[in-house]
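Asker: This is the structure I have questions about; it appears just below.
The values are calculated or read from the model by the stated rules, or taken from the named source; none is laboratory data. Bear in mind that the values here come from a model prediction, so they are computed numbers and not experimental data. Backbone-built Cβ (ideal geometry, glycine too); neighbour counts: all protein chains shown. All accessible areas refer to the heavy atoms of the entire protein, side chains included, with ligands and DNA or RNA removed. Shrake-Rupley method; radii C 1.70, N 1.55, O 1.52, S 1.80 Å.
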Amino acid sequence: MTKEEIFDKLKEILVREFDLDPALVTPEASLVEDLELDSIDAVDLIVKMKKYTAGKIEPEHFKRVRTVQDVVEVLAGMHVE
């Protein structure tokens, strides 16, 4: 998947699973401050994205993730399919 496709899938999941307004889900959106996701939500999001990755998702890959674009970058490095 391209980064754009990863973003689109991530946005789809955030809107559907977390009842977020699509207009709020932008690459620059802070997961905590703008989207109001907590650590449990973040884990849930990673689990939902796992089925699109070629390998195992390691929690340490997401320790520095703060924005939607950060998630896209980490997943892009994991060969998301």
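Asker: Restricting to Cα pairs below 8 Å that are 6+ residues apart, what does the relative contact order work out to for region 1-74? Please round to a whole percent. Numbers along the way, then the final one.
Answerer: Numbers: 52 pairs, mean separation 29.7, N = 74.
Averaging sequence separation for qualifying contacts and normalising by length gives 40 percent for region 1-74.
Asker: How big is the dipole moment of the chain about its Cα centre under a simple scheme where the beta carbon of each Lys and Arg is +1, that of each Asp and Glu is -1, and everything else is neutral? Debye, nearest 20, please.
Answerer: 400
Asker: Kindly provide the Kirkwood hydrodynamic radius of the chain in Å, to one decimal, from all pairs of distinct alpha carbon atoms.
Answerer: 12.4
Asker: Simple spin-label model, 7 Å along Cα-to-Cβ: PHE18 to GLU5 in nm?
Answerer: With each label placed 7 Å out from Cα toward Cβ, I get 2.3 nm.
Asker: In whole Hz, what ³J(HN,Hα) sequence does region 21-36 give by Karplus (6.51, -1.76, 1.60; θ = phi - 60°), x for Gly and Pro?
Answerer: Each residue of region 21-36 in turn: 5, x, 5, 7, 8, 10, x, 7, 5, 6, 4, 8, 6, 8, 9, 6 Hz.
Asker: On to the next question. Of the accessible area of the chain, with the probe set at 1.4 angstrom, what percent is carbon plus sulfur?
Answerer: Whole-percent figure for carbon plus sulfur exposure: 51.
Asker: Hey, can you grab everything whose amide H is under 5 Å from the amide H of SER30? Only 5+ residues off in sequence or another chain; H modelled, so Pro and N-termini drop out.
Answerer: Answer set, sorted by chain and number: LEU35.
Asker: Taking the dipole about the Cα centre of the chain, with the C-beta of Lys and Arg at +1 and of Asp and Glu at -1, give me whichever of LEU75, PRO22, VAL32 is farthest to the positive side.
Answerer: Projecting each Cα onto the dipole axis, the largest value belongs to LEU75.
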